[in-house]
1. Please report the Cα spread of the range 45-135 along all three principal axes, rounded to whole Å, starting with the longest.
2. Give the order of Arg32, Arg88 when sorted by the count of other beta carbons within 10 angstrom, beginning with the fewest.
3. Label Ile2 and Leu45 with points 7 Å out from Cα along Cα→Cβ: what is the distance between them in nm?
4. How much mean residue ellipticity at 222 nm does the chain get from its helices, if each DSSP H run of length 4 or more adds -39500 (n - 2.57) and you divide by all residues, to the nearest 500 deg cm²/dmol?
5. Between Asn70 and Tyr161, what is the label-to-label distance in nm when each label sits 7 Å out along the Cα-to-Cβ direction?
6. Return a whole-number percent for the relative contact order of the range 2-165, with Cα pairs under 8 Å and 6 or more residues apart as the contact set.
7. Which of these, Lys47, Lys106, Lys90, has the largest mean-square fluctuation under a Gaussian network model of the chain (Cα springs below 10 Å)?
8. Could you identify which residue out of Glu153, Glu119, Glu44 has the top mean-square fluctuation in a GNM of the chain using Cα springs shorter than 10 Å?
Amino acid sequence: MIKKIFALTLLFCVFTLLYVSIDVKEGSVVVRHGNLEKKPLEIELGKYLCTESKTLIADLYNTAQAVMPNGDTYFFNDIGNSFIWLIRQKNKDDIMLWVYSQDSEKYIDARRAWYSRVEMTPMMFGFGAYEFRSYGTSDYFFEDVVLCAARGETTMNPLIYILLKENKI
């Protein structure tokens, strides 16, 4: 009985410590309104929050932006987060999705990008976007990686990670 109480107390303390240490500042941006041009916006690092995971965006690599038809722009710290979010949307084809390209270091149209599935990303989805195809590195189409995200076939899954690293899938 004492062990259970101790374990619960320890667990409570850990969660309290995690909650207190969250680095979310007042004035953090989750969505920006009025982007009627549907272009990617400049992100101020440490100020914008990922729409899906609610974590601060600290680096541009592997980020994404989704622009709704009404001009609302949502931000994501991992490309995989944007795919999971996009899957739940009703008007998928009307949403302009931008991903940060690892080779050209700028935002590009997600539907025209090439993808890698073995990158080290903030949320461990493993999707990396490239503007230009590199055989053996970025061989996947947009529809392929969205389907992989929907199925949970990401580097978060240890079996999938091993198969990807050994080039078996």
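1. The principal-axis extents, from largest down, are 36, 28, 20 Å.
2. Arg88, Arg32
3. Inter-label distance under the simple model: 5.0 nm.
4. Per the formula, -8500 deg cm²/dmol.
5. Here the modelled spin labels are 3.9 nm apart.
6. Here the relative contact order equals 16 percent.
7. Ranking Lys47, Lys106, Lys90 by mean-square fluctuation puts Lys90 first.
8. Glu44
Computed from the coordinates by the stated procedures, all read-outs in this text should not be read as laboratory data. Not measured: the values here are computed from a predicted model. Positions of Cβ are generated from backbone atoms using ideal geometry, with glycine treated the same way; all protein chains shown enter the neighbour counts.
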